[in-house]
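The structure appears below as structure tokens.
Read-outs throughout are calculated quantities, based only on the coordinates presented, and are distinct from any laboratory measurement. For clarity, every value in this text was computed on a predicted model and none was experimentally measured. Cβ sites come from the backbone with ideal geometry, for glycine too, and all protein chains shown count toward neighbours.
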Amino acid sequence: MKTGGSRPRLPRPHWAGVKAWRLRTKMVLATMALLTAICLIVGSVSYAAVQSSLMHQLDTTLNEASHRAVVFSSGAPPRGSSGSRPNPLNARGTGIGTLNARVSGGTVTSAGLLANDQTLTGITPDDAQTLRTVAVGAAPVDRTLSSGEYRLTAIRVPDGDVVVTGLPLAANNAILASLVLAIVLISLGGLAAVGLVGTVIIRRTLAPLEELSAVAGRVAELPLEAGEVALTERVPLDAANPATEVGNVGHALNKLLDNVFSALVARQRSETKVRRFVADASHELRTPLTAIRGYTELLRATETLSAEGMNSLDRVESQSRRMGTLVEDLLLLARLDEGLPLASHEVDLTEVVVECVSDLRVMANDHRWQLDIPSEPLNICADETQLRQLLTNLLSNAVKHTAAGSTICTRLQRSAVGAVILTVADDGPGIPAEFQDKVFDRFARADLARAGSTGSTGLGLAIVQAIAHAHGGRVELRSRPGRTSFIVHLPQRLVVP
């Protein structure tokens with residue numbers, strides 16, 4: 001519900017998840033994600049390239065070792081060997097870790113590998129079974145033996161036997177493991193460096209946006225709805241360079257603020273003219289209205305008029321009195337709009353409330369009146385005349401728009417923070433919701449909205465709001481069928497200790 005003296009506030013949106021992240025956080029994370037993908041791609045390609053190169057070199061070495069073993073195994077049996085086949089491991093140029101085996105008729109007749117100490121080491125039955133499964137003449141294959149991973153190839157010799165040759169994969173695996181470790185460490189270091197440096201760079205790059213946001217936030221908090229506004233907030237020149245994307249936004253915001261300021265100046269100039277006209281017109285109308293009432297009283301006292309003439313004279317007198325009240329209200333509003341200093345002095349607000357309620361009780365004795373005030377005096381520093389008019393307007397408004405027998409309750413109290421709260425409530429029909437946001441407007445007529453036959457100028461509640469604002473306070477309206485409350489909040493600084 002919109003209340004008098006306060007601006008409507010938009011509901012605060014609820015943001016959650018990724019949408020709530022700051023722009024620089026998103027940019028840093030996007031950069032990190034892109035760099036991580038690049039590191040994965042480069043690492044994978046490097047790993048595949050190195051692995052292919054190492055495997056090519058190993059296959060070349062394996063083919064050479066297999067050729068030597070085949071050539072040696074195809075030779076004549078050594079002397080004193082009783083016709084046994086040559087052992088491929090005895091071939092010249094056999095390197096450390098090389099595995100050679102002769103398979104004859106599906107049986108491994110001789111097999112072993114050359115250890116680091118140049119000694120021959122045998123193989124296990126499981127290894128022999130693995131060697132028998134190597135396809136003859138096929139591409140080299142990787143197999144896991146008891147002594148580690150080996151790359152194996154098998155070639156048939158002229159006598160029908162098969163020579164299996166193998167080279168260990170341990171050196172290749174070690175190189176690849178070192179490469180993976182290097183890639184991971186370099187990638188992590190690069191990601192950390194890019195994250196830190198990128199955060200600094202992005203923060204500095206987006207710093208103008210922070211300035212734009214700060215300027216927009218300060219402008220959003222300015223009271224622009226009325227009065228003279230000093231709209232001096234602008235985006236700094238270094239953040240309003242139209243040659244850059246961010247600077248272009250800042251430049252556009254400065255142009256927008258210049259346009260708004262020009263509009264506010266024009267609005268204030270127009271309002272000032274209207275207020276000056278109203279004040280001057282109201283002041284000038286007081287004299288002829290006083291003369292009309294004076295001549296009316298003179299006619300009543302000196303002339304003998306018919307009943308119809310007396311009735312017409314009464315109408316002239318009542319309408320001039322009503323117009324005089326309207327002129328006085330307009331003059332008061334014009335003075336309040338100009339912000340003239342208040343005639344402030346120490347006032348016993350409790351006494352003011354009692355006297356105003358007593359006066360209205362005499363005028364509207366067909367209503368029920370309730371008074372809830374503190375037992376001790378409540379002194380504030382304020383303009384007593386204006387406070388009396390504020391309370392009188394609220395009480396008169398309640399009387400005009402409620403039926404006879406309605407209850408009007410006036411309450412005066414201190415809030416929890418020491419401020420003053422003055423409440424005028426009635427149990428009338430209430431104010432329709434569509435009229436509540438206009439009830440404090442000038443010349444807003446509530447006669448059609450609430451019960452009652454007495455008309456009004458529509459300035460009473462506008463004067464209430466203006467007086468409350470002049471004292472640094474505000475007026476709040478709460479209305480529903482059967483309960484309407486006008487709550488005046490006066491700040492703590494007015495309270496006299």
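So what does the Cα-only Debye profile of the range 345-494 read at q = 0.09, 0.18 Å⁻¹, as log10 I(q)/I(0), no solvent term?
For the requested q values the scattering log ratios are -0.25, -1.07.
Quick one: if you stick a label point 7 Å off each Cα along the C-beta vector at I186 and D366, how many nm between them?
About 9.9 nm, to one decimal.
What does the helix-only formula give at 222 nm for the chain: each DSSP H stretch with n ≥ 4 adding -39500 (n - 2.57), the total divided by the residues, and the result rounded to the nearest 500 deg cm²/dmol?
Calculated at 222 nm, the ellipticity per residue is -17500 deg cm²/dmol.
Just to verify a number: FRET efficiency for T325 and H345, C-beta to C-beta distance, R0 = 22 Å, to 0.05?
Rounded to the nearest 0.05, the efficiency is 0.25.
Reachable aspartates and glutamates from K255, Cα under 17 Å, same-chain residues fewer than 8 places away excluded?
Correct list for K255: E211, E233, D238, E245.
At R0 = 25 Å, how high is the FRET efficiency between C381 and Q413 if r is their beta carbon distance? Nearest 0.05 is fine.
0.85
Pairwise over distinct Cα atoms, reciprocal of the mean inverse distance: report the Kirkwood radius of the chain in Å, one decimal place.
Its Kirkwood hydrodynamic radius stands at 33.4 Å.
Do you know the relative contact order of the range 104-225, to the nearest whole percent, from alpha carbon pairs under 8 angstrom that are 6+ apart?
On the way: 96 pairs, mean separation 16.1, N = 122.
The normalised contact order for the range 104-225 reaches 13 percent.
Work out the length of the dipole vector of the chain about its Cα centre, built from +1 on the beta-carbon of each Lys and Arg and -1 on the beta-carbon of each Asp and Glu, and round it to the nearest 20 debye.
With Lys and Arg at +1 and Asp and Glu at -1, about 1600 debye.
Once the Cβ-Cβ distance between N259 and I421 is put in as r, and R0 is 45 Å, what FRET efficiency do you end up with, to the nearest 0.05?
0.65
Along the charge dipole of the chain, which of L336, L298, G189 sits closest to the positive end, that is, farthest toward it, with unit charges on the beta carbon of Lys, Arg, Asp and Glu (+1, +1, -1, -1)?
G189
How long is the range 218-340 along each principal axis, judged by its Cα atoms, biggest number first, in Å?
In descending order, the Cα extents are 88, 25, 19 Å.
Ranked from highest to lowest mean number of other Cβ atoms within 10 Å per residue, what is the order of the peptides 479-488, 135-144, 414-423?
479-488, 414-423, 135-144
For the chain, what is the relative contact order in percent, using Cα pairs closer than 8 Å and at least 6 residues apart in sequence?
Dividing the mean separation by the residue count of the chain yields 11 percent.
How far apart, in nm, are two points set 7 Å out from the Cα along the Cα-to-Cβ line at I155 and at V71?
In this crude spin-label approximation the distance works out to 0.9 nm.
So if each residue of separation counts as 0.36 nm, and I subtract the Cα-Cα distance between L35 and T272, what length gain in nm does that give?
Values: separation 237, 0.36 × 237 = 85.32 nm, distance 6.21 nm.
Answer, rounded to one decimal: 79.1 nm.
Roughly speaking, what is the stretch gain from Y295 to A243, that is 0.36 nm per residue apart minus the C-alpha to C-alpha distance, in nm to one decimal? Mind showing how you got there, number by number?
Values: separation 52, 0.36 × 52 = 18.72 nm, distance 7.54 nm.
Extra length from Y295 to A243 when fully extended: 11.2 nm.
Measure nothing but the geometry: give the 0 to 90° angle between the long axis through the Cα atoms of 307-337 and the longest principal axis through the Cα atoms of the chain, rounded to 10°.
With rounding to tens, the tilt is 40 degrees.
Where in the range 139-154 does the amide nitrogen come within less than 17 Å of the point 7 Å from the Cα of L176, taken along Cα to Cβ?
Residues 140-145, 148-153 fall inside that zone.
Please compute the modelled spin-label separation between D314 and R234, points set 7 Å along Cα→Cβ, answer in nm with one decimal.
6.7 nm
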